[in-house]
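The structure under discussion appears below in the form of structure tokens.
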Amino acid sequence: MITLAGVSKAFHPGTPAEHWALRDVDLALEPGQVTVLTGPSGAGKTTLLLLAGCLARPTSGRVLFRGEPISHLGERFLAETRNRHIGFVFQQFNLLPGRSALQNVLLPAVPLGTPWRARLDRAQGLLETLQVGHRAHAEASRLSSGEQQRVAIARALMNDPEILLADEPTANLDAAAAERFVDLLARLHTRGRTLLLSSHDPRLVASGVAHRTLRLADGRLEEA
Ligand SMILES: Nc1ncnc2c1ncn2[C@@H]1O[C@H](COP(=O)(O)OP(=O)(O)OP(=O)(O)O)[C@@H](O)[C@H]1O
Ligand SMILES: [Mg+2]
């Protein structure tokens, strides 16, 4: 589905601040597989997810989507690929401030042009599933961290993406909400979706939802 081939990522390359966040990473996300990525803070998990989600470009190596190299393609193409095929849950949520929870969840559907009523029903349904339906009209930045995280998950699922990339998606959730999220992952898996999650959360790692657990250490990827 998504392949990283010999991917390295440097921040501020060629300057005194040069920092290699990923080193020669090879990773193939097979269709329908659930992969959990662990590793200490600063190991490069977010960087890897952003590259896999076409939200950043590698310094060297290639990112392929369905076998086609895409990391060198233009921003418009990448944005379209992301919007149609990939849902992304950001570690810091990245909800648009000044918009309601519901408006945030609706946004990814705008370019697809689906009928308004269907969009609204889906967005509301997702917020209900994530138990934040009662906060649908609250301004996003006023929500608690756990509520924002669940709205971010709903937004990532809005276009029913084939691939879900989620960065520490349970970091702000209580035990019950984390358990419901694991159930949601299991349902997505049943429907053939491809999932890559970064997590420190022992609840997620122990849930048995993952087919594969990988570990990043200092930018290098290894089987956990
Ligand atoms: N924009 C940036 N500019 C410079 N360095 C960066 C940038 N983004 C990340 N880094 C560095 O790259 C390394 C990997 O960062 P990354 O955010 O991928 O780690 P992480 O594994 O997600 O950590 P955490 O568990 O704390 O979220 C870190 O040392 C970080 O300081
Ligand atoms: Mg991170």
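The values are calculated or read from the model by the stated rules, or taken from the named source; none is laboratory data. In this text, all values refer to a predicted model and were calculated from it rather than measured experimentally. As a convention, Cβ positions derive from the backbone with ideal geometry for all residues, glycine included, and neighbour counts pool all protein chains shown. Side chains are part of the model used for accessible areas, which takes the heavy atoms of the whole protein and leaves out ligands, DNA and RNA. Shrake-Rupley method; radii C 1.70, N 1.55, O 1.52, S 1.80 Å.
For the reader, a short list of remarks on this structure follows.
- Look at the range 34-46: where a residue is farther than 13 Å from A21 by Cβ and a partner is more than 9 Å from ligand 2 (Cβ to nearest atom) and small (G, A, S), sitting 6+ places away or on another chain with Cβ atoms under 7 Å, you get V34/A210; T35/A210; V36/S199; V36/A210; T38/S199; T38/A224.
- For the range 33-48, filtering for residues that are aliphatic (A, V, I, L, M) and near ligand 1 (Cβ under 8 Å from one of its atoms) leaves 2.
- Of all residues in the range 193-211 being among the charged types (D, E, K, R) and at pLDDT below 95, the one that is nearest to N172 (Cα to Cα): D201
- Residues of the range 191-219 satisfying the condition of being under 20 Å from F88 (Cβ atoms), more than 16 Å from ligand 2 (Cβ to nearest atom) and touching a residue at least 12 places away in the same chain (Cβ under 8 Å): G192, R193, T194, L195, V209, A210, R212
For (1) buried (at least 17 other Cβ atoms within 10 Å of the Cβ); (2) among the β-branched types (V, I, T), each residue gets a yes or a no:
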| position | (1), (2) |
| --- | --- |
| T129 | yes, yes |
| S144 | no, no |
| A152 | yes, no |
| D160 | no, no |
| L165 | yes, no |
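- One residue alone among L73, L51, L64, L22 is under 23 Å from L157 (Cα atoms) and either in contact (Cβ under 8 Å) with a residue 60 or more places away in the chain or more than 16 Å from ligand 2 (Cβ to nearest atom) (or both), and that residue is L64.
Matching residues to (1) in contact with a helix residue (DSSP H, G or I) (Cβ under 7 Å, 6 or more places away or on another chain); (2) of a type in the set (A, V, I, L, M); (3) not in a strand (DSSP E or B):
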| site | (1), (2), (3) |
| --- | --- |
| A118 | no, yes, yes |
| E128 | no, no, yes |
| Q148 | yes, no, yes |
| A156 | no, yes, yes |
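- Some residue of the range 113-121 being at negative phi, under 15 Å from the mean Cα position of the chain (by Cα) and surrounded by 13 or more Cβ atoms within 10 Å (Cβ to Cβ): no
- Within the range 126-154, the set of residues being within 22 Å of L165 (Cβ to Cβ) and either in contact (Cβ under 8 Å) with a residue 60 or more places away in the chain or not aliphatic (A, V, I, L, M) (or both) comprises T129, S145, G146, E147, Q148, Q149, R150, A152, I153.
- Count of residues meeting criterion [open to solvent by 10 Å² or more (accessible area, probe 1.4 Å), closer than 18 Å to L29 by Cα and within 16 Å of ligand 1 (Cβ to nearest atom)] in the range 169-210: 1
- Residues satisfying the stated conditions in the range 61-73, i.e. more than 12 Å from D26 (Cα to Cα) and surrounded by 14 or more Cβ atoms within 10 Å (Cβ to Cβ): F65, I70, S71, L73
Here's the yes/no breakdown for (1) out of contact with any helix residue (DSSP H, G or I) (no Cβ under 8 Å at 6 or more places or on another chain); (2) within 26 Å of L185 (Cα to Cα); (3) not basic (K, R):
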| position | (1), (2), (3) |
| --- | --- |
| T3 | yes, yes, yes |
| A10 | yes, no, yes |
| P13 | yes, no, yes |
| E18 | yes, no, yes |
| V25 | no, yes, yes |
| L29 | no, yes, yes |
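- Taken as a whole, the structure leaves V34 outside the set of residues that are more than 14 Å from ligand 2 (Cβ to nearest atom), at pLDDT 95 or above and more than 16 Å from the chain's Cα centre (by Cα).
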